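> One structure follows; several queries about it will come next.
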Amino acid sequence: MQELKLPKDFFFGAAMSGPQTEGAWRSGGKLENLWDTWSNEAIDDFHDCVGSYAGNDFTKRHDEDFKLLRSMGLDTMRTSIQWSRFLDENGDVNPEGEAYYHKLFSDAHDAGLEVFVNLYHFDMPTYLFRRGGWENREVVEAYANYAAKAFRAFGKEIRCWFTFNEPIVEPEQRYTAGIWYPFIKNYNRARAVQYNISIAHSLAVREYRVAKAAGLMMDDSRIGLINCFTPPYTKEDPSPADLEAVRMTDGVSNRWWLDIVTKGELPSDVVETLAERGCELPVRPGDDAILREGVVDWLGFNYYHPERVQAPAHDVDEAGCPVFADPYVWPDAVMNESRGWEIYPKGIYDFGMKLAADYPDLDWFVSENGIGIEGERAFKNSDGQIQDDYRIDFVRQHLAWVARAIQEGARCRGYHYWAVIDNWSWNNAFKNRYGFVEVDMQDGYARRPKKSASWLKQVASSHVIMTEEEN
């Protein structure tokens, strides 16, 4: 066995989101968001017909959950404010929603947890989506108004802020693949949404800087962006067309966001290629100046799997969307069969070293990492505890590569696991379980630590990872 150590000031925490945990979807003046609307219109689209309504019962159980997080040695947690709970349809603060989050943040602090706050986690208020959503610049401005009000309401309570979680996901899921409500398959609209989210991010960062200059934020507060970066790979002996597939895959999903948050601009080569393929972005006069406002203080890196690509067999798909890459199945891939994702711990190291080389001044942390397994009840022992050795092995390997990256100069400051306590996960609902703590749906959302919970406490407390010599 090899002992790897993480820095003493390296933090451990839990990643979660408002729409996936809070529940209480009709209380306290909360408006309907897209997940509520989809749940109401087509509940059969959700695994076991479990819609957005209850989350994982966090609103009722957050004090219990905070104690659980602390019992595992965690000192930070990230959640999100729900736009639909905090503001009303006029864009004004909903007093009940504001009070909800003041209490949540206060209770977390009293429990010994620092809260990181993300402003948007795929949960647009439905009334704004019906006005065009991210395709409408008025909605982009509404988001900037929301961000400004959040900074002013909670700026003296929250030190670490983030504008978006995974801003690449809605363009892909709602508009390219068309597998999320409202099931659109239009590549140009997807990139327009991605562009407008980039403008929204930059406007929110500007509002944060204004609020901080006005003395409304903590002096040591920081703002960032969180994205699910997917390190790209191709064949061992790639053709020029394979390398081009890597360039555009990396450009749209990774470099797009990295260039915004470090340079305040979009990657010009990507924008040019999109235009050559008939995808013009909805640029307005003055947008370059807005994007320059998008430079952040640090970055959240969600890592689940790599992206393996090769040259596409066709220029367009059956929906007429341009295709820049086809999937490449690596012969040595190890798969999580429950989720259909490759398990490749070294990807977290490779991307960390890319950040060190290409964006050397950027601090970052692992803002999500985790393994979702279907049918975990089959792994219960005679005492009823889930024996999730596969989760221990997954996290151990990823943390080992994080430690190696830090030793070689990566500026990684911490690790948040998704999701320490099982939570509701979009239309998959509770199909795949990620937690170190089980949520028992058959027993009123009761919490039960899995085997991995005690292992996590040991690692979070000692900052020592014991791993095999070779992964």
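The values are calculated or read from the model by the stated rules, or taken from the named source; none is laboratory data. Since we're looking at a predicted model, the values are computed, not measured. Cβ coordinates were reconstructed from backbone atoms using ideal geometry, including for glycine residues, and neighbour counts include every protein chain displayed.
> Need pairs with beta-carbon distance below 8 Å; first residue free of Cβ contacts under 8 Å to residues at least 12 places away in the same chain and within the range 119-136, second surrounded by fewer than 20 Cβ atoms within 10 Å (Cβ to Cβ) and among the acidic types (Asp, Glu); sequence gap 6+ or separate chains.
Once the first residue is free of Cβ contacts under 8 Å to residues at least 12 places away in the same chain and sits in the range 119-136, its partners that are surrounded by fewer than 20 Cβ atoms within 10 Å (Cβ to Cβ) and among the acidic types (Asp, Glu) give 131/138; 132/138.
> Where residues in the range 384-406 are farther than 18 Å from residue 347 by Cα and of a type outside the set (Val, Ile, Thr), which of them is surrounded by the most Cβ atoms within 10 Å (Cβ to Cβ)?
388
> Provide a single number: the residues in the range 70-87 that are in a helix (DSSP H, G or I) and in contact with a Gly (Cβ under 8 Å, 6 or more places away or on another chain).
Number satisfying all stated conditions: 3.
> Let me ask another. So the check is Cβ under 8 Å with 6+ separation or different chains; which pairs have a first residue in the range 73-94 that's over 18 Å from residue 59 (Cα atoms) and a second one that's of a type in the set (Gly, Ala, Ser) and in a loop (DSSP other than H, G, I, E, B)?
75/112; 88/29
> Please go through the range 165-184 and pick out each residue that is within 17 Å of residue 425 (Cα to Cα) and among the aromatic types (Phe, Trp, Tyr).
Listed by number, the residues that qualify are 180, 181.
> Being of a type outside the set (Ser, Thr, Tyr), under 26 Å from residue 277 (Cβ atoms) and in a helix (DSSP H, G or I): is that true of residue 243 here?
yes
> Just the residues that are over 25 Å from residue 115 (Cα atoms) and either assigned to a loop (DSSP other than H, G, I, E, B) or at pLDDT below 95 (or both), please, taken from the range 33-65.
42, 46, 50, 51 - these are the residues of the range 33-65 that are over 25 Å from residue 115 (Cα atoms) and either assigned to a loop (DSSP other than H, G, I, E, B) or at pLDDT below 95 (or both).
> Please go through the range 292-321 and pick out each residue that is surrounded by fewer than 18 Cβ atoms within 10 Å (Cβ to Cβ) and over 24 Å from the mean Cα position of the chain (by Cα).
Selection gives 313, 314, 315, 316, 317, 318, 319, 320.
> Related question: Considering the range 255-291 alone, what residues qualify as being among the small types (Gly, Ala, Ser), surrounded by fewer than 18 Cβ atoms within 10 Å (Cβ to Cβ), at pLDDT 95 or above and assigned to a loop (DSSP other than H, G, I, E, B)?
Once the filter is applied, which keeps residues that are among the small types (Gly, Ala, Ser), surrounded by fewer than 18 Cβ atoms within 10 Å (Cβ to Cβ), at pLDDT 95 or above and assigned to a loop (DSSP other than H, G, I, E, B), the range 255-291 yields only 286.
> Could you check residue 337 against (1) more than 30 Å from residue 378 (Cβ to Cβ); (2) without any contact (Cβ under 8 Å) to a residue 12 or more places away in the chain and say which number it fails?
The failed condition is (1).
> Wholly within the range 88-183, which helices (runs of 4 or more DSSP H) include no fewer than the required count, namely at least 3 residues that are surrounded by fewer than 17 Cβ atoms within 10 Å (Cβ to Cβ)?
Those helices (runs of 4 or more DSSP H) span 95-110, 137-154.
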